[in-house]
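The values are calculated or read from the model by the stated rules, or taken from the named source; none is laboratory data. Predicted model only: the values in this text are computed from it and were never measured. Don't worry about glycine lacking a Cβ; one is built from the backbone with ideal geometry, like all the others, and counts go over all protein chains shown.
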Amino acid sequence: MAQKMQIRHQQAPKGTMFWYKVHYMGRKFLLDFRYVLDSEVREVMRSPLMTGWIDKLDEKIQLLSMEVQSFDKFGPRVAFIKCKVRVVDPQGHFSDQVLFLRGDAVSVLPILICEGREYVAMVRQMRVAVGSVGWLEIPAGMLDGSNQIAVKALDELHEELGIKFAQKDLKRLIEQPVALSGGACDEMMHFFYTRMDVTRAQLEEIHDRRTGLADENEYLRVEVVPIDELVTSADAKTLLAYTYYRMKYPKE
């Protein structure tokens, strides 16, 4: 059974709103919720997002303190946390690190085979963080704390492409997940691929589909491109997926 996180009030140092002492999985550290309401402390700290990050923190890293600066929710779920931590490495060096916690994600390279040629069904959507009104990428999505990684991958394919793939056709491109921005973000990306034979008429019908979930502000357009065009992609997960795929299936 997972250990319940213990959170207790401490004497507040000057300049802080709330100060707590946390005890979880053998770790004890100080917690400052300078910009977060007291009533929200336990909800954020006991969320799968936070406990998942602490669980995977190398035991050689000593966590001394954490300042939670902000968080965002999707419905009842804590989806993003921005925090600053003070840690000590095995050599005794102190370090202050700013973290953006969002949890793991999954991406899929959907291969469509038509008349002996390989194509990829991709999605184009607005990505404000990179300043793009039409960013082209392979289907991907957050796991939202789920351990059903393959199920989430299939859900993303259906939501973003409007195609139902069979789970038996879904295969991993690489066994371990990959960090895409490990300098500040905890996200680890799981990579899958699937292959499906389609007719020319089916390929043309899939291209230019409008998909996405409006209640999640997703307004997507599907684009079908020859697979080797992915080598010039500016999207990291797309380029990695292509590279891993070519390692399995070298270009003839």
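Some values worked out for this structure:
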item: Tally, over the stretch 60-77, of residues that are out of contact with any strand residue (DSSP E or B) (no Cβ under 9 Å at 6 or more places or on another chain), at negative phi and either exposed (fewer than 11 other Cβ atoms within 10 Å of the Cβ) or modelled with pLDDT of 95 or more (or both); result: 2
item: Test: residue in the stretch 27-41 that is surrounded by 18 or more Cβ atoms within 10 Å (Cβ to Cβ), in contact with a strand residue (DSSP E or B) (Cβ under 6 Å, 6 or more places away or on another chain) and of a type in the set (Ser, Thr, Tyr); result: no
item: Residues of the stretch 78-101 that turn out to be within 18 Å of the chain's Cα centre (by Cα) and surrounded by 13 or more Cβ atoms within 10 Å (Cβ to Cβ), as a count; result: 9
item: Selected residue (criterion: farthest from LEU157 (Cα to Cα)) from residues of the stretch 199-227 that are in contact with a helix residue (DSSP H, G or I) (Cβ under 8 Å, 6 or more places away or on another chain) and in a helix (DSSP H, G or I); result: ILE227
item: Selection from the stretch 127-168 of residues that are in a loop (DSSP other than H, G, I, E, B) and of a type outside the set (A, V, I, L, M, F, W, C); result: GLY131, PRO139, ASP144, GLY145, SER146, ASN147, GLN148, GLY162, LYS164
item: Of all residues in the stretch 52-74 being in a strand (DSSP E or B) and among the small types (Gly, Ala, Ser), the one that is farthest from ASP144 (Cα to Cα); result: SER65
item: Count of the stretch 212-243 residues which are at pLDDT 95 or above, small (Gly, Ala, Ser) and under 21 Å from GLY162 (Cβ atoms); result: 1
item: For GLY162: the one exception among (1) surrounded by 15 or more Cβ atoms within 10 Å (Cβ to Cβ); (2) of a type in the set (Gly, Ala, Ser); (3) more than 23 Å from LEU220 (Cβ to Cβ); result: (3)
item: Residue in the stretch 102-117 that is of a type in the set (A, V, I, L, M, F, W, C), within 23 Å of the chain's Cα centre (by Cα), at pLDDT 95 or above and more than 26 Å from TYR249 (Cα to Cα) present; result: no
item: Residues that are among the small types (Gly, Ala, Ser) and in contact (Cβ under 8 Å) with a residue 24 or more places away in the chain, drawn from the stretch 67-122; result: SER70, ALA79, GLY103, ALA105, SER107, ALA121
item: Residue tally, condition of a type in the set (Ser, Thr, Tyr), in contact (Cβ under 8 Å) with a residue 24 or more places away in the chain and surrounded by fewer than 18 Cβ atoms within 10 Å (Cβ to Cβ), over the stretch 188-242; result: 2
item: Given (1) at pLDDT 80 or above; (2) closer than 25 Å to LYS60 by Cα, number of the condition VAL41 does not satisfy; result: (2)
